[in-house]
Amino acid sequence: MQLSVIILNYNVRYFLEQCVFSVQKALEGIDGEIIVIDNASSDDSCEIMKTKFPHIKLIENEANLGFPKGNNIGVAQAKGEYICILNPDTVVAEDTFSKILNTKNWQLNTGIIGCKLIDGAGNFLPESKRGVPTPWVAFTKIFGLYKISNFFGKYYAQHLSEKETGKVDILVGAFMVMKRELYLEVGGFDENCFMYSDDIDLSYLVLKTGKSNYYFHETSVIHYKGESTVRDGTYMKRFREAMQFFYNKHFKRSWFFDVMMQVGSFVFSLLKKSQQKNEVRIIDEYVVFSRKNRELNLSKKTNYLSDFNQFENQSYKNIEIIFDTTTFSFDEIITFMQLNKRKNLSFKNYILSSNYLIGSNNSNDRGQIILL
């Protein structure tokens with residue numbers, strides 16, 4: 001088997017359904033499998049998997065075991081030569097896996113490959129490519145120095161633009177592709193870390209083997225991001241603990257270092273918490289893209305279009321664009337989002353199988369589900 005896609009889920013039933021739907025389409029023509037691990041969700045995630053995707057392997061944990069252990073359980077049962085660690089709040093394009101698995105990308109020194117991630121509004125997510133967050137690099141991130149000059153740009157690997165493929169140190173755990181043998185060689189995700197610095201740690205462990213990690217810009221994946229985590233007091237505590245875990249594991253201890261990192265991680269987690277918001281948009285008009293005569297029960301004026309070229313933006317209106325995912329490919333949808341990202345536009349996907357709309361307006365928004 002060529003590829004095993006590992007999806008760890010916790011209470012994001014609707015995002016999980018959309019994610020698995022997109023992965024199924026992307027695996028057409030590839031000898032692959034999907035493994036979903038559920039960390040004791042209280043919603044109906046497992047029921048949906050059993051009824052709508054009965055042929056997909058589902059592992060039901062009896063407790064929330066955290067990101068590292070949950071993924072390690074999935075990888076232990078994987079059969080693929082390659083594995084993809086994938087968040088459930090993502091949407092992959094139909095060509096994502098075929099492009100990344102191209103043999104030209106896998107030289108002897110290749111470690112992990114990540115790709116271009118965008119949020120639900122079509123904006124590039126800079127954490128798609130990062131540097132090792134040494135104390136100095138973390139300092140430039142926390143205090144925003146990376147915005148001033150690329151001299152301070154190591155945190156977001158600003159030696160590469162979002163449209164360039166190349167070596168980077170750290171990749172994000174929302175989307176990672178690597179050989180299963182290498183994952184097992186470095187020990188997988190460190191289960192001593194519940195979440196948040198696990199992807200940094202895994203990326204760094206791969207670098208220490210002498211291999212190189214790569215950011216691959218030729219395919220894009222939507223990562224709704226804010227849906228995965230509520231940034232409350234528990235988030236802040238776990239984030240600080242995660243950063244301390246990474247530094248204590250990989251760097252020499254010193255009093256100055258510890259104090260700076262405690263202060264820095266505390267400030268950073270406060271900033272993260274303050275960024276989370278559920279943006280309420282007043283929609284003036286809906287535009288539904290569908291190649292079938294499909295009418296949706298929407299509350300405002302709705303225009304139905306069958307071709308992207310028919311769309312003309314009216315900047316004075318707040319327009320919500322809805323994509324019929326049964327008649328437009330995810331690749332087409334993702335491309336349209338990136339080309340048409342505007343402040344007055346928001347995007348939702350229509351999932352026919354459960355009759356709902358899904359999306360988010362920015363990377364700090366927990367996302368929105370509209371049942372029709």
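The values are calculated or read from the model by the stated rules, or taken from the named source; none is laboratory data. In this text, all values refer to a predicted model and were calculated from it rather than measured experimentally. Neighbour counts run over all protein chains shown; Cβ positions are idealised from the backbone, glycine included. Accessible surface areas use protein heavy atoms only, side chains included; no ligands, DNA or RNA. Shrake-Rupley method; radii C 1.70, N 1.55, O 1.52, S 1.80 Å.
With Cα atoms defining each centre, the stretch 289-340 and the stretch 171-206 are spaced 37 Å apart in the structure.
Extending 7 Å from Cα along the Cβ direction at GLU332 and again at GLN77 yields two label points whose distance is 3.6 nm. Write down the percent of antiparallel bridges among all DSSP beta bridges whose residues are both part of the chain, to the nearest 5. For the chain, the DSSP antiparallel bridge percentage is about 35. Applying both filters, DSSP loop and at most 11 other Cβ atoms within 10 Å, to the GluC sites (Glu not before Pro) of the stretch 310-372 gives GLU312.
May I ask you to give the percent of accessible area on the chain that is carbon plus sulfur, with a probe radius of 1.4 Å? Here carbon and sulfur together make up 50 percent of the probe-accessible area.
What are the chymotrypsin sites (Phe, Trp or Tyr not before Pro) within the stretch 292-372 that DSSP puts in a loop, where the Cβ has at most 10 other Cβ atoms within 10 Å? Intermediate values should be presented prior to the final figure.
Numbers: sites: TYR304, PHE308, PHE311, TYR316, PHE323, PHE328, PHE330, PHE336, PHE347, TYR350, TYR356; in loops: PHE311, TYR316, PHE328.
Within the stretch 292-372, the qualifying chymotrypsin sites (Phe, Trp or Tyr not before Pro) (loop, at most 10 other Cβ atoms within 10 Å) are TYR316.
Applied to the stretch 154-169, the Karplus parametrisation 6.51 cos²θ - 1.76 cosθ + 1.60 on θ = phi - 60° returns per-residue 3J(HN,Hα) values of 6, 4, 9, 6, 6, 5, 10, 7, 5, 9, 10, 8, x, 6, 9, 7 Hz, with x for Gly and Pro.
Explain nothing, just the number: dipole magnitude of the chain about its Cα centre with +1 on each Lys and Arg Cβ and -1 on each Asp and Glu Cβ, in debye rounded to the nearest 20. Let's see the in-between values first.
On the way: 44 positive and 42 negative charges, 225 e Å.
The calculation lands at about 1080 debye.
Using a Gaussian network model of the chain in which every pair of alpha carbons under 10 angstrom is joined by a spring, one finds that among ILE100, ILE148, ILE333 the greatest mean-square fluctuation is at ILE148. Remark: the chain carries 44 Å² of accessible area per residue (probe radius 1.4 Å; ligands, DNA and RNA excluded).
Of the listed residues HIS55, HIS217, the order by accessible area with a 1.4 Å probe, largest first, is HIS55, HIS217. A 1.4 Å probe, protein heavy atoms only, puts the accessible area of ARG342 near 120 Å².
Too long at a 25 Å Cα-Cα cut-off: which of LYS116/LYS167; LYS99/LYS343; LYS300/LYS348? Don't skip to the answer; put the middle values down first.
Working: LYS116/LYS167 13 Å; LYS99/LYS343 31 Å; LYS300/LYS348 15 Å.
Beyond 25 Å between Cα atoms: LYS99/LYS343.
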